[in-house]
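Accompanying notes for the structure given below.
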Amino acid sequence: MGIGTKSAFSKSLSRRKVLTQAAGVGAGLLMAPSLIRSASAAGDPIRIGFVTPQTGAMATFSTGLDFVLESFRQAIGEGIKVGDAVRPVEILVRDSQSSSSRSAEVAAELITNDNVVLMLASSSSDTVGPVADQCELNGVPCISTDVPWEPYFFGRGGNPETGFDYTYHFFWGVDQIIQTFTSLWSKIETNKVVGALWSNDTDGVAISNPEHGFPPRFKAAGYELFDAGLFTPGAADYTAQIAKLKEAKCEILTGVFNPGDFATFWSQAGQQGYHPKIATIAKALLFPASIEAVGERGYGLSTEVWWSPNHPFKSGLSGQSARDFCAAYTDKTKRQWVQPLGFKYALLEVAVDVLKRTKDINDPKSIVEAITATDYQSIVGSVRWQGGPVKNVSLTPLVGGQWSKGNGFPYDLDIVDNAAYPGIATKRPFAPIAW
Amino acid sequence: MKSNSVSATRHSRTTHLALVFVGVCALVFASAPLWAGANILRLLTDFFLYLSLACLWNFLVGYAGLVSIGQQAFVGLGAYGLFTLSRYTGLNPLVSVLIASVVVAALSIPFAALLFRLKGAYFAISSWVLAEVLRLTAQFIPQIGGSSGMSLPIEAARALGAQPAVRFTTIYLAAFIALLMILSGIYFTLQSRTGLALTAIRDNELAARSNGVNANRTKLIVYVLTAFGTAATGGLIFLQRLRVTPDSAFSISDWTALVIFMVVIGGVGTFEGPIIGAVLFFLLRGTLADFGPFYMISLGAVAILIMIYNPRGLWGHVRDRWHLQLLPLNFRILSKQDS
């Protein structure tokens, strides 16, 4: 409506004219992306969809995405050899906005509008779950990472006997994180009383589950658990919980926090004289920025480490080691490495490895065949779906780390426990927090 | 078309043309599965579903004066109804959507008993509180996946068609029929006694009451009908999404804020407004969605500009300025303007 009306070419801007023009501009803008798309479709490229949260609560997990994509494009150059021809690869990156609705939408768009042959997804259940669901139903192969595998598999109603047909995942799981945490704690003399707090959100509720989560496993490992309960994300006052933790004499603190919440909690704990010997927190302490928010009180905090420059792995695509890759990142962006960098790159590497081995790239079943046969050395270690806990999951290593005064950057994450993966060297022994 | 003496004033050449246009549109959209690809069908499905929500919210707010910012409660209940029935009974998803909507409509009666005690801003806030209570409750029920939510069983989705193309067509037609039913439901309600009562209440509730209009009953009718339609739409939305979580199902930004945006920029209290608003929203989304935070900022800017310069929305402005009325509705106001 409004388009095609006779507009008076008077000098003053009549409302109608503005509306007409606005409609014209709107229509023009609407067409623009499709024009760009059809222009770039010239060289018959292989299209891969990549859904990851670039905005919203999980945005920090996409830190360095541009660097990863650029490195990847450099590594593959002209394209990849599929059959006899070298074909360019087009990665269509979409922002999930950290929302499961938006993830499903963009995944469906990639499948129906862009006809991707392979889908990639990473970072948080809210992004990976819906994307994988869309792919499973529409018969598009999907590889994902950066979500513990249990929520990925069981959260989607997966049956270990049959598994999924089109969707595959590589990451670590809840058993590994328990093993890592308890192995850390065993290195220091404590009263073995563990105080736990959980954020009341998807991750916190899943992990604090009294049957499938952390609590029964801590007890099984010989620790006494004092559960301080779920707290609302964004809470400003933790006095009640801190008092309880002090009273129960919890020398070990654990739980799941969002980075901002932990900073608040930890400074209040300091002020109110709660001084545990060990604080091993999942999810909140992955990034240097989260430690910076705590300041000097951040020295000695411990967390899970999925990947670091010290992991002895090399990319099978570019030959770059984890250390070189992080150095290149720091060189380019002047920022410190973060854990998701490696996994984002590995996801792209694995995709290329799969496509290179695919017999018929236009047949989803053929791509799935190549996925199941994967035996690939990536920058985050070996990816191999034969012999995983369920047929759709390949496990990657997990070790324990502790933050210390940094060299070059204010804080460094040192690997201090490698019980599960002795191949990953520790930098120093685990130490109690120096109060 | 019950009324006879006044109906002549409701119609004009514009309304006749508009009705022909509506008929042509309906034919074009009904035949879309024959000529459109999967991507267009999906876009249209999405459009129809958002449009349904916008029209329902407009019905509730623009006509019954019930300013609810908690319609996500019904979207979420409809979605969870579908997923729960699909997981535990294995019914056809479309049947599940229908059953879930009836149950939600029944549930909305006790909700109304609670909320109708409050007026204006208090009603708005408490409707939001209700939705939040439902969201938090869903987080603590492990049978429906707690806070991590649940996926639609693959078999349930396949019941709509083994091939993606068939499935898209089925969902598209379901969304289209739902929209037609919602639009015609609203249209005929507005032309009925209830519609007259609604206009009276909206203009002056006290006067309407003293003239014998049962205001609470009329509002309840609208509230329950809206709950039914919103739940059905919610079910269909999540039938496409395949996965439901408390945060996505009871999301105020997705199911109420964006809907308010459409209705406000289009024109609250007009039948055509939400349609214009939804078209504009889809244009903006198609153009800007890949720009991250800038997308939300520009939506906000558009809404603010329109609220400042055109508080009645785009269609409200057009109608007031050119006395244009596309659908033969609200004949009393129109007859005044036309004379």
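The values are calculated or read from the model by the stated rules, or taken from the named source; none is laboratory data. What you are looking at is a predicted structure, and each value in this text was computed from that prediction instead of being measured. A quick note on method: Cβ atoms are made from the backbone with ideal geometry, for glycine too, and the neighbour counts reach across all protein chains shown. Quick note on the areas: whole protein, heavy atoms, side chains included, nothing else; ligands and nucleic acids left out. Shrake-Rupley method; radii C 1.70, N 1.55, O 1.52, S 1.80 Å.
Only counting protein heavy atoms at a 1.4 Å probe, give the residues of segment B:135-153, ordered by number, whose accessible area falls by 20 Å² or more when the other protein chains are present relative to the chain alone.
Checking the loss per residue gives B:Gln139, B:Phe140, B:Ser147, B:Ser148, B:Ser151.
Suppose we keep just the DSSP beta bridges with both residues in the protein assembly as shown; what percent of those would be antiparallel, to 5?
35 percent
Considering only protein heavy atoms and a 1.4 Å probe, what is the carbon-and-sulfur percentage of the accessible area of the protein assembly as shown?
After summing per-atom areas, the C and S share lands at 61 percent.
Whose amide H sits under 5 Å from the amide H of A:Asp417, counting only residues 5 or more places off or on another chain, with H placed in the peptide plane?
A:Gly400
In Å², and per residue, what accessible area does chain B have when probed at 1.4 Å with the other protein chains present?
Heavy-atom SASA per residue in chain B reads 43 Å².
Which of the listed residues, B:Ser251, B:Gly90, B:Pro274, is farthest toward the dipole's positive end in segment B:7-338, when Lys, Arg count +1 and Asp, Glu count -1 at the beta-carbon?
In segment B:7-338, that residue is B:Pro274.
In segment A:269-350, which trypsin sites (Lys or Arg not before Pro) are in a loop and have at most 11 other Cβ atoms within 10 Å, using DSSP for the loop call?
Listed in order of number, the matching sites are A:Lys334.
With θ set to phi - 60°, apply the Karplus curve 6.51 cos²θ - 1.76 cosθ + 1.60 along segment B:149-155 and write out the HN-Hα couplings as whole Hz, x wherever there is a Gly or Pro.
Using θ = phi - 60°, the values come out as x, 9, 9, 5, x, 4, 4 Hz.
Exactly which GluC sites (Glu not before Pro) in segment B:102-210 are in a DSSP loop and have at most 14 other Cβ atoms within 10 Å?
Loop-located and lightly packed - none at all.
Taking only the alpha-carbon atoms of chain A, what semi-axes of the equivalent ellipsoid follow from 5 times the gyration tensor eigenvalues under a square root, in whole Å, largest first?
Rounded to whole Å, the semi-axes are 41, 28, 21.
Per Stokes-Einstein, at 4 °C and 1.567 mPa s, what whole-number D in µm² s⁻¹ belongs to segment A:175-215, with the Kirkwood radius over Cα pairs as the hydrodynamic radius?
Estimated via Stokes-Einstein, D reaches 113 µm²/s.
If you average 1/r across every pair of different Cα atoms in segment B:190-339 and take the reciprocal, what Kirkwood value do you get, in Å? Don't jump to the answer; show the numbers that get you there.
Values: mean 1/r = 0.0564 Å⁻¹.
Taking every pair of different Cα atoms in segment B:190-339, averaging 1/r and inverting gives 17.7 Å.
Which of B:Ser31, B:Ser127, B:Ser151 ends up with the largest GNM mean-square fluctuation for chain B, with Cα atoms connected below 10 Å?
Of the options given, B:Ser31 has the highest mean-square fluctuation.
What translational diffusion coefficient, in µm²/s and rounded to a whole number, does the Stokes-Einstein relation yield for segment B:1-117 at 25 °C and a viscosity of 0.890 mPa s, taking the hydrodynamic radius as the Kirkwood radius over Cα pairs?
Here the translational diffusion coefficient equals 138 µm²/s.
Hey, what's chain A come to in accessible area per residue, 1.4 Å probe, Å²?
Ligands and nucleic acids excluded, the result is 40 Å² per residue.
As an exercise, identify the GluC sites (Glu not before Pro) in segment A:199-252 lying in DSSP coil whose Cβ has no more than 15 other Cβ atoms within 10 Å. Could the numbers behind the result be given before it?
Working: sites: A:Glu211, A:Glu224, A:Glu247, A:Glu251; in loops: A:Glu211, A:Glu251.
When the GluC sites (Glu not before Pro) of segment A:199-252 are filtered for loop state and at most 15 Cβ neighbours within 10 Å, A:Glu211 remain.
First select every other residue whose beta carbon is under 12 angstrom from the beta carbon of A:Thr303; then total the charges, Lys and Arg +1, Asp and Glu -1.
Around A:Thr303, the surrounding residues sum to -2.
Picking from B:Gly76, B:Gly266, B:Gly161, which is most flexible by a Gaussian network model of chain B using Cα springs under 10 Å?
Its mean-square fluctuation being the largest, the pick is B:Gly161.
Once you've got the GNM for chain B with C-alpha springs shorter than 10 Å, pick whichever of B:Phe294, B:Phe261, B:Phe48 has the biggest mean-square fluctuation.
Ranking B:Phe294, B:Phe261, B:Phe48 by mean-square fluctuation puts B:Phe294 first.
What are the ³J(HN,Hα) couplings of segment A:226-231, residue after residue, when phi is run through the Karplus curve with 6.51, -1.76, 1.60 and θ = phi - 60°? Round to Hz, x for glycine and proline.
Couplings: 10, 8, 7, x, 7, 10 Hz.
Please identify the helices of chain A, taking whole runs of DSSP H, that span at least 27 Å along their own axis as judged from the Cα atoms and have a mean Kyte-Doolittle score of -0.5 or higher.
Within chain A the helices that satisfy the rule are A:15-40, A:339-357.
Going down the list A:Lys314/A:Lys356; A:Lys332/A:Lys356; A:Lys192/A:Lys219, which pairs span over 22 Å between their C-alpha atoms? If you can, show how the numbers build up before the last one.
On the way: A:Lys314/A:Lys356 19 Å; A:Lys332/A:Lys356 29 Å; A:Lys192/A:Lys219 10 Å.
Beyond 22 Å between Cα atoms: A:Lys332/A:Lys356.
Compute the longest continuous run of chain B that contains no exposed trypsin sites (Lys or Arg not before Pro); treat a site as exposed when its DSSP state is not H, G, I, E or B and it has at most 10 other Cβ atoms within 10 Å.
In chain B, the maximal stretch lacking such sites is B:118-339.
Report, to one decimal in Å, the Kirkwood hydrodynamic radius for segment A:312-435 based on all distinct Cα pairs.
By the Kirkwood definition, the hydrodynamic radius is 16.5 Å.
Just want the answer: with Cβ charges of +1 for Lys and Arg and -1 for Asp and Glu, which residue in A:Ala248, A:Leu230, A:Trp306 is farthest toward the dipole's positive end in segment A:185-313?
A:Ala248
Output needed: Cys residues of chain A lacking any neighbouring Cys C-beta below 4.7 Å, sorted by number.
Flagged as lacking a Cys partner: A:Cys250, A:Cys326.
Counting only residues 5 or more places away or on other chains, whose amide H sits under 5 Å from the amide H of A:Thr396 once H atoms are built in the peptide plane?
Excluding prolines and chain starts, which carry no amide H, the hits are A:Phe171, A:Trp172.
With only Lys, Arg, Asp and Glu charged, each at its Cβ (+1 for the first two, -1 for the last two), find how big the charge dipole of segment B:7-338 is about the Cα centre; round to the nearest 20 debye.
The dipole magnitude comes to about 560 debye.
Output needed for the protein assembly as shown: three equivalent-ellipsoid semi-axes, defined as square roots of 5 times the C-alpha gyration tensor eigenvalues, in descending order, whole Å.
Taking √(5λ) for each Cα gyration eigenvalue gives 50, 32, 24 Å.
Using the alpha carbon gyration tensor of segment B:7-338, what are the three equivalent-ellipsoid semi-axes (square root of 5 times each eigenvalue), largest first, in whole Å?
31, 25, 20
Karplus couplings for segment A:201-206 from phi (6.51 cos²θ - 1.76 cosθ + 1.60, θ = phi - 60°), rounded to Hz, Gly and Pro as x?
Karplus-based 3J(HN,Hα) across segment A:201-206 equals 8, 3, 5, x, 5, 5 Hz.
Just how large is the dipole of chain A about the Cα centre, in debye to the nearest 20, putting +1 at every Lys and Arg Cβ and -1 at every Asp and Glu Cβ?
1120 debye
Report which residues of segment A:98-141 become buried by 30 Å² or more of accessible surface when going from the isolated chain to the complete set of protein chains (1.4 Å probe; DNA, RNA and ligands ignored).
Correct list: A:Ser100, A:Ser101, A:Arg102, A:Glu105, A:Thr112, A:Asn113, A:Asp133, A:Gln134, A:Glu136, A:Leu137, A:Asn138.
Could you work out the helix-only [θ] at 222 nm for chain A, with each DSSP H run of four or more residues adding -39,500 (n - 2.57) and the total divided by the number of residues, to the nearest 500 deg cm²/dmol? Each step should come with its number before you reach the end.
Values: 14 runs with 165 residues, N = 435.
Helices in chain A give a 222 nm mean residue ellipticity of -11500 deg cm²/dmol.
In Å² (nearest 100), what accessible area is buried between A and B, both sides summed, heavy protein atoms only, 1.4 Å probe?
Values: alone 19010 and 16250 Å², together 32100 Å².
Approximately 3200 Å² gets buried when A meets B.
Please report the relative contact order for chain A, taking Cα pairs under 8 Å with a sequence separation of at least 6, and give it as a percent rounded to a whole number. Write out the running numbers ahead of the final one.
Values: 833 pairs, mean separation 63.0, N = 435.
Computed over chain A, the figure is 14 percent.
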